[in-house]
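S.K.: Here's a structure for you.
The values are calculated or read from the model by the stated rules, or taken from the named source; none is laboratory data. Model, not experiment: these values are computed from the prediction. Cβ atoms come from the backbone with ideal geometry, glycine included; neighbour counts cover every protein chain shown. When the accessible area is computed, the model is the full protein with side chains, heavy atoms only, and any ligands, DNA or RNA have been set aside. Shrake-Rupley method; radii C 1.70, N 1.55, O 1.52, S 1.80 Å.
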Amino acid sequence: MAACDAREPLYVGDPEGVNRNGQPQVILKQDELRLNGFPIKQYRTRATDLIPIIGTDISSQASSDAYWNAMGLQIHAAPDDGALPGSPELIHRVVVWVRPGIDYGKHRDCDASALARHRDSVQFRLETMDQVEKEHGFPRNEAARKELIHERCSMAGNTPENAFSGYFEVDGIPIGPNMSLKEIQSRRKQLGLELLYMDSGPQIYAAPKGKTGPETNQTWIFEVTSGDGGVIVDQRLKAISIP
């Protein structure tokens, strides 16, 4: 027993970096997800339902990207497949990015639809600038106009500018920004939970529910460090996607 304990340390208390008073609070228990106490039902909760909860309307792509970059919390919403025009956007997926990294804040060039929205935004801001200058008698600011006209269009990349700094708990386990796969598996075992299983490689693990259904309710994404010969030295949690 002593030798077993030496190989598998007993983790007690909260993991490193956990702040139980952090905001927002994301609690996931099996397939039940709550954001600041508000239950989120996949494909049922409307994006607009979250406005009083998080203070922003994530049905707007620009607002959603801004929230992702600021909070490390991505809430993806879209109309149901085959929905009529004007149908409400429903929550499809939530991603919590827990681990700081040097690749944060990467952006990519806009696609056609994002470029069109960007051009509309630039035109609106130019018109607003004209209106404000006329109403208040301000001198025409050509430098600001030139900067706005040449503003590069970019979209949020796959990683946010900031990691999640709120409180995140999964199946009774507080999630910290520096958790190893070994610690996660050990804590799950201590709570009598099934272990995560490797899904599509050492970067992606899934909750056991995925074995019996078409989708997993938890996808765990790891940062992998390899040594000589490709031997995996370490696996640190980067994010959890729900579902």
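S.K.: For segment 181-201, give me each residue that is open to solvent by 80 Å² or more (accessible area, probe 1.4 Å) and outside any helix (DSSP H, G or I).
M.R.: Correct list: 191, 194, 195, 198, 199, 200.
Quick grid of which residues meet (1) assigned to a helix (DSSP H, G or I); (2) at pLDDT 75 or above; (3) on the phi < 0 side of the Ramachandran plot; (4) in contact with a strand residue (DSSP E or B) (Cβ under 7 Å, 6 or more places away or on another chain):
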| position | (1), (2), (3), (4) |
| --- | --- |
| 87 | no, yes, yes, no |
| 91 | no, yes, yes, yes |
| 95 | no, yes, yes, yes |
| 100 | no, yes, yes, no |
| 105 | no, no, no, no |
| 113 | yes, no, yes, no |
| 116 | yes, no, yes, no |
| 122 | yes, yes, yes, no |
| 127 | yes, yes, yes, no |
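S.K.: Can you tell me which condition residue 165 does not meet? The list is (1) of a type in the set (S, T, N, Q); (2) at pLDDT below 90; (3) surrounded by 12 or more Cβ atoms within 10 Å (Cβ to Cβ), and all the others hold.
M.R.: Looking at each condition in turn, residue 165 falls short on (2).
S.K.: Can you list residue pairs whose Cβ atoms sit under 9 Å apart, with the first residue in segment 74-89 being without any contact (Cβ under 8 Å) to a residue 12 or more places away in the chain and surrounded by 14 or more Cβ atoms within 10 Å (Cβ to Cβ) and the second being outside any strand (DSSP E or B) and not β-branched (Val, Ile, Thr)? Count only pairs 6 or more apart in sequence or on different chains.
M.R.: Hits for this filter: 79/85; 79/86; 79/87; 79/88; 79/89.
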